[in-house]
Amino acid sequence: MFEPTGSQRDAASTIFNLSDYRVIDAFEVPGRARRVEVEPTSPPGCPACGVISVRVHSRRLQRIRDVPVAGALEVVWCKRRWFCDEQRCGRGTFAESTLQVPPRARSTVRLRAQLVAAVIDSERAVSETARVRTHVELDVLRGALDEMRASLHETAVFSAADVQFHEIVMAISGNRLAESIARVLFERARDSARYRGNVPLSFHEQTLREHEQVFAAIEAGTIDAAGQAMNAHIIDSWQRRRPPDHQGKTPRR
Ligand SMILES: [Zn+2]
Ligand SMILES: [Zn+2]
């Protein structure tokens, strides 16, 4: 369906709200996240000469990582290659890109911003926790760690205990706002586990080791070490749980 360029977007695009993109399809894949297919709203300018392209050369699908919208989503960009028809330009063809997903990027700018915010909030919270925690609170946190140790072979239980550990850290620090960001971050990690099917045991063992370091620093009351350990853990676990890239295929339509 074509619409004139203007302020009015279709309902799905308005809800998804990724600037420069429209939603062209959305459906449910049994046992996986809902899938949303998007494409840029306007034809791009050639990166060499700036002339707006009008002819599509080819299309392929590329999965992009994005923030959850009312839960986890699998976002697929129906990415076009365009001809540059400008006579004096030697470019030939070029792939489209946007401000939200620059050339060669695999995730949206808004997702990166959310991750950075989550890292900063978590580091701040864990430092505060290392400073103020009581013995009773330490016991509660140790309980979540024990739960992780006991469930290394059960992904769902392990992930829930992992999230719980982070939420306890946030709660002890008194940071309620960051609590919801941690949840969003780990919802996404759980979702990527769903794509992969079986999460390798080594992932869980590594995650547990990182949590043990965070806990040891909180227990010792070493504020800087707690912040560093949490920082390293969030960034590492984010990398480890990256969903596999979508292999380019011709879009069905
Ligand atoms: Zn050109
Ligand atoms: Zn964790």
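Throughout, read-outs are computed from the coordinates displayed, never taken from laboratory work. What you are looking at is a predicted structure, and each value in this text was computed from that prediction instead of being measured. Heads up, the Cβs are rebuilt from the backbone with ideal geometry, glycines too, and the neighbour counts pull from every protein chain shown.
List of remarks:
- Other residues whose C-beta falls under 12 angstrom from the C-beta of VAL101 contribute a net charge of +3, scoring Lys and Arg +1 and Asp and Glu -1.
- Among 148-154, 18-24, sorting by the average number of other beta carbon atoms lying within 10 angstrom of each residue, highest first, gives 18-24, 148-154.
- Packing rank of 128-139, 161-172, where each peptide gets the mean count of other beta carbons within 10 Å, highest leading: 161-172, 128-139
- Prolate/oblate/rounded label for the range 48-135 (Cα gyration tensor, a/c 1.5): prolate
- Of the three principal axes defined by the Cα atoms of the range 1-102, the extents in descending order read 50, 28, 22 Å.
- Taking a Cβ cut-off of under 12 Å around ARG142, the surrounding Lys, Arg, Asp and Glu residues balance to a net charge of -4, with basic ones at +1 and acidic ones at -1.
- Net +/- balance of residues flanking ARG81 in space, Cβ distance below 13 Å, scoring K and R +1, D and E -1: +4
- Tail weight of P(r) past 16 Å, computed on alpha-carbon pairs of the range 130-175, percent: 36 percent
- Normalising the average separation of contacting C-alpha pairs (under 8 angstrom, six or more residues apart) by the number of residues puts the relative contact order of the range 1-153 at 16 percent.
- Backbone N under 17 Å from the ALA70 label point (7 Å along Cα→Cβ), restricted to the range 6-46: 9-18, 23-29, 33-38
- For the range 11-106, size of Cβ-based charge dipole, Lys and Arg +1, Asp and Glu -1, in debye: 360 debye
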